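Report on one structure; see the data block that follows.
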Amino acid sequence: MIDPIGAKSAIVGSAIERARQAVSGEETGGASFGDLLKRAVNDTSALQDESKDLIAAFLRGEPVELHQVMAAAEEASISLELLVEIRNKLTEAYRTVMNMQ
């Protein structure tokens with residue numbers, strides 16, 4: 001059985017670490033901001049898919065613990081909320097730059 005909490009925590013943790021490196025200028029892989037944003041979207045999508053799979057398995061009566069289902073759903077929700085806030089901040093920054101001109 002896959003440890004969904006550990007796998008998702010690793011995805012979120014690696015996304016946070018990549019964002020920290022990008023902000024501090026420590027990015028050694030040469031990934032652009034667009035690449036980081038694309039990866040964040042893909043990670044969020046993966047968390048949503050895993051959450052849907054766990055919910056479906058639970059509803060089918062497969063041996064899935066309720067706490068795993070709830071944790072996966074909450075982690076996917078938090079990831080989506082973070083992505084929406086990033087979008088909002090980027091939109092706000094774009095509007096601020098456009099108003100300067």
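Here are a few things to note about the model shown:
- Residue check, residue 46 in a helix (DSSP H, G or I), in contact with a Pro (Cβ under 9 Å, 6 or more places away or on another chain) and surrounded by fewer than 16 Cβ atoms within 10 Å (Cβ to Cβ): no
- The set of residues in segment 72-100 being closer than 20 Å to residue 49 by Cα and acidic (Asp, Glu) consists of 74, 75, 81.
- Segment 58-71, residues that are free of Cβ contacts under 8 Å to residues at least 12 places away in the same chain and surrounded by 14 or more Cβ atoms within 10 Å (Cβ to Cβ): 58, 64, 70
- Criterion (at pLDDT 90 or above, assigned to a helix (DSSP H, G or I) and touching a Leu at 6+ places or on another chain (Cβ under 9 Å)) met by exactly one of 19, 40: 40
The values are calculated or read from the model by the stated rules, or taken from the named source; none is laboratory data. Values in this document were obtained by computation on a predicted structure and should not be read as measured data. Glycine gets a Cβ as well: all are built from the backbone with ideal geometry, and neighbour counts include every protein chain shown.
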